[in-house]
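Below you'll find the structure, written out as structure tokens, and then a few comments.
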Amino acid sequence: MSHDNTGGCMCGEIRYELDCESPWTVYCHCESCRKHSGAPVVALVTIEPHQVIWTSGDRKLYESSPGRIRSFCGNCGTTLTWEVADWNGSWLAIHVGTFDSPAEFPPTEHIFHGEATPWLHIDDDLPRREGSEEV
């Protein structure tokens, strides 16, 4: 596994590596992601749950809304994932900032742009979706 596909929390207790070639990376502007991260927007690498290998540590899990799980490090508090299993399949989104090489995962679009913080202006030509259901 290349260094580009590894990551973890700030204190190093939790580590992971991806087992996939081309994950879908997005900017998410939803209120729930903003609350979880404390940031006006998050960048997420979205994969299927079996495509991540948790190599050390145990994540703390929090059900932020029915069927939606968010995880974080119980030691340092680093926000790690958003997870869901529903009619559209099982998905796991890892915060790009937790990768050892976050530059390797540039976002390809914006989702939940209808909930974007009005004073934040990201000057790019990426597609902007009002939600994520179009995906």
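No lab work stands behind these numbers, since they all come straight from the coordinates. Given the structure is predicted, the values throughout are model-derived calculations rather than measurements. Virtual Cβ from ideal backbone geometry, glycine too; neighbours counted across all protein chains shown.
A compact table of results
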item	result
Fluctuation leader among I53, I122, I14 - the chain, Gaussian network, Cα springs under 10 angstrom	I122
Helix-derived mean residue ellipticity, 222 nm - over the chain, DSSP H n ≥ 4, -39500 (n - 2.57), to 500	-1500 deg cm²/dmol
Rg followed by Dmax, in Å, when the chain is reduced to its Cα trace	14.2, 40
Packing-based exposure ordering (other Cβ within 10 Å, fewest first) of S132, S22, S65	S22, S65, S132
Phi-based couplings in Hz for the stretch 94-100 (Karplus 6.51, -1.76, 1.60; Gly and Pro marked x)	9, 4, 4, x, 8, 6, 5
Under Karplus coefficients 6.51, -1.76 and 1.60, residue-wise ³J(HN,Hα) of the stretch 34-41 in Hz, glycine/proline x	4, 5, 5, 9, x, 10, x, 7
Segment L61-W119, length gained on full extension (0.36 nm per residue, minus Cα span)	17.8 nm
